[in-house]
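Novice: Before anything else, here's the structure in question.
The values are calculated or read from the model by the stated rules, or taken from the named source; none is laboratory data. Nothing here was measured: the structure is a model prediction, and the numbers come from that model. Cβ atoms come from the backbone with ideal geometry, glycine included; neighbour counts cover every protein chain shown.
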Amino acid sequence: MPASDAYGAKLDALSLERILSHIFRTNLANEEKASGSGPDAPLKRPTPICIWGSHGIGKTSLIKEFANRNGWKFRYCAPAQFEEMGDLHGLPVTHDPDPQVHGDETTIYLPPDWVPKQEDAGPGILLLDDINRADDRILRGLMQLLQEFEMFSWTLPPKWQIVCTGNPDSGDYSVTSMDDAMLTRMLHFTMVYDLKAWLAWANTHGVDQRGIAFLMTYPETVSGQRTTPRSLEQFFSQISGIPDLRKELELVSALAHSALDVTTATAFVAFVNDELSQLVNPEDILDPARWPDAERRLRELAQGSEQAKRVDRLSTICTRLALHLRRNGQQLDDRAADCLCSFVVHPSLPGDLRFSLHRDLVQIGGRVAIAMRREDVAKAITAVL
């Protein structure tokens, strides 16, 4: 098989999750339909899925979180850890059904502990993680599992689905090439990093807001080598308990260099020193008690000498506000809505940025969209047009 860095459509995490959800539920419906044909009808097994992508972009987390969110059962297996076929099909034991009568023995195999038991009724997902880091002999042994959902010694229970992950076979990773016979046993997708998709995920998983602001300000720092979504999440988790990053700059710098490449770590230290204090948090805008200070900082920011940098910072503030309201918009009360409208019509916002923010807020719906219908907001948007 020729080396390749992508199989199937290239999708960000949000698009991939929507497609996987469709495939999983279609598979369950087809299996249910086949089982309804009669007790002797063969079980219709789905086609396994393989998600390709570079390291650290969240392939494994995507599948684990899908199973958890939907209440599905989940089993994890890393074939690269297997040294012999017994790790896959189990170890043999001798069994004598009735030695006094038969006087003979048979050999049976005990399935490995990671294998779902027959009483573990689905829906469920068996994840074969980093499948192409396994030895070629193990890959050949997995072909029956991918085709028939069984080994000679055990069978996956009904309503279980198989998902594999793999790194690209492009020469950058220590992987085992798969031939066409194995590739055609699976549906293939390539997961790619997308900033908007990652931000949507980060805002629902409690990632430190200062880290989110940094990545929005310096999106180019995600190099895909040492600095990946995974390493950034690890770093942001380490600084989440530090209230004032500037006061603990030496510690912050050491933590940054431990997880990220030198360029990104240096950029984050500069961000803490220079730009963090100038960014206005969504909570500052929506809290009536904090809005006066936030409004003062917006005016100061609007008076900055570097126009490109000023617009970038304002754009970051607007995007973070929209993301925050997408998650918490239902909690918007009248006083917070007043502050939101004051921000939308604030003279510091360039017209195109105001229009873009207004469109994003209307799409959120609910209380947020209602606030965007106020007369002062409508006049400000009409002036842009």
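Novice: I'd like to know if the range 12-25 contains one or more residues that are farther than 23 Å from residue 124 by Cβ, assigned to a helix (DSSP H, G or I) and either modelled with pLDDT of 85 or more or assigned by TED's automatic domain parsing to the domain that holds residue 176 (or both).
Specialist: So in the range 12-25, the residues farther than 23 Å from residue 124 by Cβ come out as 12, 14-15.
If we keep only those that are assigned to a helix (DSSP H, G or I) as well, we get 14-15.
Next cut, either modelled with pLDDT of 85 or more or assigned by TED's automatic domain parsing to the domain that holds residue 176 (or both) only: 14-15.
Within the range 12-25 (the criterion being farther than 23 Å from residue 124 by Cβ, assigned to a helix (DSSP H, G or I) and either modelled with pLDDT of 85 or more or assigned by TED's automatic domain parsing to the domain that holds residue 176 (or both)), the answer is yes, since at least one residue qualifies.
Novice: In the range 259-306, what count of residues is obtained for those that are at pLDDT 90 or above, hydrophobic (A, V, I, L, M, F, W, C) and closer than 21 Å to residue 339 by Cα?
Specialist: Count: 5.
Novice: If a residue must be in contact with a helix residue (DSSP H, G or I) (Cβ under 7 Å, 6 or more places away or on another chain) and among the hydroxyl-bearing types (Ser, Thr, Tyr), how many such residues does the range 133-173 contain?
Specialist: Qualifying residue count, the range 133-173: 2.
Novice: Would you mind stating whether residue 200 is surrounded by fewer than 19 Cβ atoms within 10 Å (Cβ to Cβ) and either farther than 30 Å from residue 140 by Cα or not small (Gly, Ala, Ser) (or both)?
Specialist: Working: surrounded by fewer than 19 Cβ atoms within 10 Å (Cβ to Cβ): yes; either farther than 30 Å from residue 140 by Cα or not small (Gly, Ala, Ser) (or both): yes.
So residue 200 fits the description; yes.
Novice: Tally up the residues in the range 188-197 that are surrounded by fewer than 20 Cβ atoms within 10 Å (Cβ to Cβ) and either among the aromatic types (Phe, Trp, Tyr) or in contact with a helix residue (DSSP H, G or I) (Cβ under 6 Å, 6 or more places away or on another chain) (or both), please.
Specialist: 2
Novice: Same structure, new question: Could you list, in sequence order, all residues of the range 364-385 that are in contact with a helix residue (DSSP H, G or I) (Cβ under 8 Å, 6 or more places away or on another chain) and among the basic types (Lys, Arg)?
Specialist: Passing the criteria: 367, 374.
Novice: Report whether or not residue 354 is farther than 30 Å from residue 218 by Cα and at pLDDT 90 or above. Steps first, answer last, please.
Specialist: On the way: farther than 30 Å from residue 218 by Cα: no; at pLDDT 90 or above: yes.
Answer is no for this residue.
Novice: Right, another one. Considering (1) surrounded by 13 or more Cβ atoms within 10 Å (Cβ to Cβ); (2) assigned to a helix (DSSP H, G or I); (3) in contact (Cβ under 8 Å) with a residue 24 or more places away in the chain, say which one residue 352 fails and leave the rest.
Specialist: (1)
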